[in-house]
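Right, one structure below, let's go through it.
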Amino acid sequence: MSSAAQKKSRRRSTRTGRRHPLATVALIAIGLLFTGGAYALFNSTSSGTEAVAASQDQVDRGSKLFSANCATCHGMNLQGTSAGPSLLGVGAAAVDFQVGTGRMPLQNTGPQAPEKPAQFTTEDTAALAAYVASIAPGPGLPEAEYLDGGGDATHGAELFRINCAMCHNVAGAGGALTEGKYAPSLTGVSAKHIYEAMVTGPQNMPVFNDANLTPEDKRDIITSLKYLEDNPSPGGIELGNLGPVAEGLFLWIFGLGTIVALTVWLTARSN
Amino acid sequence: MTTTTPETPTSTVQPGQVQPGTQGGAVGAISNYLDERTSISAVVKEFGRKIFPDHWSFMLGEVALYSFVVILISGSFLTFFFQASMAEVVYNGSYVPLKGLEMSAAMNSSLDISFDVRGGLLMRQVHHWAALLFIASIVLHMLRIYFTGAFRKPRELNWVIGFLLFVLAMGEGFTGYSLPDDLLSGNGLRIIDGLLKGIPVIGTWISYLLFGGEFPGTQIIGRLYTLHILLLPAIVVALIALHLVFVVVHKHTQYPGPGKTNNNVVGYPILPVYAAKAGGFFFIVFGVIMLMAAFFTINPIWNYGPYDPSPVSAGTQPDWYIGFADGALRLIPPGWEWTLGNYTFSLNVFLPVVVLGLFIVAVLLYPFFEGWVTGDKREHHLLDRPRNAPTRTAIGAAGITFYCGLFFAASSDLIATHFKMAMEHVIHILQFTTVIGPFIAFFIAKRICLALQKKDREIALHGFESGRIVRLPGGEYIEVHHQLDAYERWKLVSFNDYQPLMLRPNDRGEIKTSQRLRAAVSRWFFEDRIAPVTRTELEAAHSHGDHGDHGVVEAKDEAMGGAPHIRS
Ligand code: HEM
């Protein structure tokens, strides 16, 4: 009985990492109250916007790049068109994530904008981000201190299992959603992009703002993902971390295949 | 290849030619000592003279046997360190990303085995890979028995024993998979809990009984452990022993071939040739398992973390052999649920359970069904080539298709992501495969069998085309056909030919419904058939020598041919 009670309390304690229903309401209220400049202020204190203000040059360059590459879908004033959503208030983090992982500019429509090799240099990406953020502020680029992978891996792994594993699989190997959408594999994704994904919630991924997961929580999650990446499985080759299906397939093809081949060889007549 | 007992195709190997083991020295003294007290030599001699035919597919049962031995060895090692308790402890072992986390003692000890017991991880992986291999080889063994008709009289009971072993093996696998109390297996248990609760009326009670209260409770791991290491293995060992006794008593079957008849067995005597081979083969199987365990991760529980009812991971699947059950749950259309007053009837859970139950029972009863259809009471020690039993083979193909549809459904999410398809499409395709696929597979397999039989028949009668065209003195062109020699032809012409049972009134002149049913099923079974070549046909074909006319000699039975038939 006592251990059951313990389990319960443990469950409750893990809940703290989760979105409280009231938190959402409160957040919307706050969002409505502090619009515009107040929103920017709120944001810079809680989400860690890059302190360095973007130079005017950078914004100008971003503006040009944007009209040339993005405006057809997102509109000249970021207001959005039928081909793409409004980018007002998505912030530098969203642009850096979308452009940095090659998702934007979108090439062909599908259920989900796929990752592809990044189409822009780091400077151009930064310029685009600066431009979009200059029109209407939003979540900024994450600060380096949260990206160093020096957090608490245990806590991060637990948060990951609770908040992310249902879509991304416990080992971050990815998983299927409905209608051809999917949560991609997280191996090889940079710490910055992981952070930005959590802050901006690309496409079907929910937003994990700082009320859900504090920047320290995010740092822990990144730490645990990086731990998995840097420490190959102690058991040997991982078979894609896909779980029992991959193991079963491997067993039938390699294991049983080898054995059947050996039985054939053993019983083959020497003539 | 051992060639100490040369085997000639024309004569059966005589038992009794076996060289007894060396008699001198300490070994001789010890065996003498034992023999004088137990008369064991008679048994060994008798057993050693048993002949075991040589074919790769006859070794599949052995693969199962040897992987089971490996399971026993590695499993015993694991019991030294595993703690089957759900008491909460704080993990303090050497795997950093779990340090300081609360978890059950079972999970804690599994992690310790993986990271802090020397050789522990290797043993865990040996145990798990061997378990997967065990069940896979059982399935393949079973398919071999099925498609060659090795289950016919007198071996029906051994089929039943084998079937029980198959079910028990799945039970062993599932209980073992659940023991570490990690997130993945916890989700699996949750599904079992759901399945139980889906049973009308008594479901909830059964679930409470099994888990000792509300899921997950604090009991289940201990209970599964008792099943896993005590009860199930004891039954499995006993049944394997019985199974092997039956194999010895019945003698092994053999494929049709020259000199092989229903009344003999051609092959190597067990001692020394076969035993030596088998002993070597054990180490080969062991070696393959070791290789897999040493180089490939299996069930990385440290990734999954301890069980906690709230998180569910994407890509949660059971081990492959339970996949068909998981798949059935995924394929059932959503919303098949009715509420009646206070009760909910979850057909979406219960129906798959019923369908799978029926499928399993069908597998169990097939030998008796076929015996009833053919009305054949003879003993069969010669195997069928699958093509020579077209309807059986076709039923088997249908069963495999059904099973595979369910099996692949268990990985529908991975199919969707890896082949870039929408989840819904994957499910629809697999629903089609599972429901309509078996009929298509039946039809195709049967046609292929009949076509192969037809080809055999033609080759037996006319030999095969040599591609050499000869002009006769008269100006006529013929293609030279190579005739088979008697050995090769034997294989093609000697098989059982069943005809649909005739409806005959019994003594009192009545025809009972059961007889009608039996005649109808028998007609369905045997209406399309290719009769084996008879001696007269052969003589007729060969009396006018190699002739150019190599059209198919049709069997007398009108029913054969390429056109599809409407079955009743
Ligand atoms: C624990 C699992 C099993 C073990 C260790 C096992 C072992 C064996 C061995 C060593 C043989 C003789 C070699 C051979 O023909 O392959 C054999 C024969 C046989 N087994 Fe199994 N078997 C198992 C499961 C099954 C299952 C699931 C079935 C079918 C439902 C089955 C039906 C038979 C039959 C009918 C024979 C006689 C075959 C013949 O004489 O041609 N066995 N088994």
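The values are calculated or read from the model by the stated rules, or taken from the named source; none is laboratory data. Everything quoted here is computed from the prediction, not taken from an experiment. Neighbour counts are summed over all protein chains in view; Cβ atoms, including those assigned to glycine, are modelled from backbone coordinates with ideal geometry. Just so you know, the surface numbers come from the protein's heavy atoms only, side chains and all, with ligands and any DNA or RNA stripped out. Shrake-Rupley method; radii C 1.70, N 1.55, O 1.52, S 1.80 Å.
Give the A-B buried accessible area in Å², both sides summed, 1.4 Å probe, nearest 100.
That pair of chains buries around 5600 Å² in total.
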> Computed FRET efficiency, Cβ-Cβ of B:His542 and B:Ala276, R0 60 Å: what is it to the nearest 0.05?
Replying inline: 0.85
> Over segment A:138-189, what percent of the accessible surface lies on carbon and sulfur atoms, probe 1.4 Å?
Replying inline: 53
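Leaving out ligands, DNA and RNA, and with a 1.4 Å probe, what % of the accessible surface on segment B:191-329 is carbon or sulfur?
That share works out to 77 percent.
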> Listed highest first by mean packing, meaning other Cβ atoms within 10 Å per residue, what order do A:203-213, B:466-476, A:94-104 come in?
Replying inline: A:94-104, A:203-213, B:466-476
>> Once you keep just the Cα pairs under 8 angstrom separated by 6 or more residues, what percentage relative contact order results for chain B?
In response: 16
> Roughly speaking, what is the centre-to-centre gap between segment B:249-312 and segment A:113-140 when only Cα atoms are used, to the nearest Å?
Replying inline: 58
>> Apply the Karplus curve 6.51 cos²θ - 1.76 cosθ + 1.60, θ = phi - 60°, to the phi angles in segment B:32-44 and return the couplings in whole Hz, x for Gly and Pro.
In response: 4, 4, 4, 5, 5, 9, 10, 6, 6, 4, 4, 5, 4
> What average count of beta carbons from other chains do you get within 10 Å of the Cβ of residues in B:202-214?
Replying inline: 0
> For B:Ile206 and B:Val435 in one chain, what is 0.36 nm times their gap in residues minus the Cα-Cα distance, to one decimal in nm?
Replying inline: 79.4 nm
> Remind me, relative contact order of segment B:80-132 in percent, using alpha carbon pairs under 8 angstrom and six or more residues apart?
Replying inline: 30
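Would you work out the charge dipole size for the protein assembly as shown about its Cα centre, treating the Cβ of every Lys and Arg as +1 and the Cβ of every Asp and Glu as -1, and quote it to the nearest 20 debye?
2260
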>> Under 17 Å from a point placed 7 Å out from the Cα of B:Lys251 along the Cα-to-Cβ direction: which residues of segment B:37-66 have their backbone N that close?
In response: B:46-55
>> For B:Lys260, what residues show an amide H to amide H distance below 5 Å, using hydrogens built from the backbone and excluding near sequence neighbours?
In response: none
> If you wrap chain B's Cα atoms in a convex hull and average its projection over all directions, what's the area in nm²?
Replying inline: 38.5
> So what are the ³J(HN,Hα) numbers for segment B:336-344, from phi and the Karplus equation (6.51, -1.76, 1.60; θ = phi - 60°), rounded to whole Hz, Gly and Pro as x?
Replying inline: 7, 8, 10, 10, 9, x, 8, 9, 10
> With the Cα gyration tensor of the protein assembly as shown giving a ≥ b ≥ c as the square roots of its eigenvalues, does the rule (a/c under 1.5 for rounded; else a/b larger than b/c for prolate; else oblate) give rounded, prolate or oblate?
Replying inline: prolate
>> Please compute the modelled spin-label separation between B:Val160 and B:Arg518, points set 7 Å along Cα→Cβ, answer in nm with one decimal.
In response: 1.9
> Taking every pair of alpha-carbon atoms in segment A:56-135, what share in percent sits in each 5 Å bin, from 0 to the bin with the longest distance?
Replying inline: 3, 18, 28, 30, 16, 4, 1, 0
> Can you list the residues, at least 5 places off or on another chain, whose amide H is less than 5 Å from the amide H of B:Tyr268, using H built in the peptide plane?
Replying inline: B:Phe52, B:Asp54
> What order do you get for B:150-158, B:370-378, B:33-41 when each peptide is scored by the mean count of other beta carbon atoms within 10 Å, highest first?
Replying inline: B:150-158, B:370-378, B:33-41
> What order, most packed first, do the peptides A:136-149, A:225-238, B:336-349 have when packing is the mean number of other Cβ atoms within 10 Å of each residue?
Replying inline: A:136-149, A:225-238, B:336-349
> With a ≥ b ≥ c the root eigenvalues of the C-alpha gyration tensor of segment B:62-361, is it rounded (a/c under 1.5), prolate (a/b larger than b/c) or oblate?
Replying inline: oblate
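Checking the a/c ratio against 1.5 first, then a/b against b/c, what shape does the Cα gyration tensor give for segment A:144-231?
Details: a/c = 1.72, a/b = 1.35, b/c = 1.27.
The shape class here is prolate.
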> Using a basic spin-label model with each label point 7 Å from the Cα along Cα→Cβ, how many nm lie between B:Ala42 and B:Val237?
Replying inline: 2.8
> Computed over the Cα atoms, what is the radius of gyration of segment B:240-388 divided by 2.2 N^0.38 Å, N being its residue count?
Replying inline: 1.64
> Once you average over the residues of A:158-164, how many Cβ atoms of partner chains fall within 10 Å of each Cβ?
Replying inline: 4
>> Could you give each residue of segment A:181-189 its phi-based ³J(HN,Hα) in whole Hz, using Karplus coefficients 6.51, -1.76, 1.60 with θ = phi - 60°, and x for Gly or Pro?
In response: 8, 8, 9, x, 5, 9, 6, x, 7
> Averaged across the residues of B:89-101, what count of C-beta atoms belonging to other chains lies within 10 Å of each residue's C-beta?
Replying inline: 3
>> Given 4 °C and 1.567 mPa s, compute D for segment B:68-186 with the Stokes-Einstein relation, Rh being the Kirkwood radius over Cα pairs; round to the nearest whole µm²/s.
In response: 80
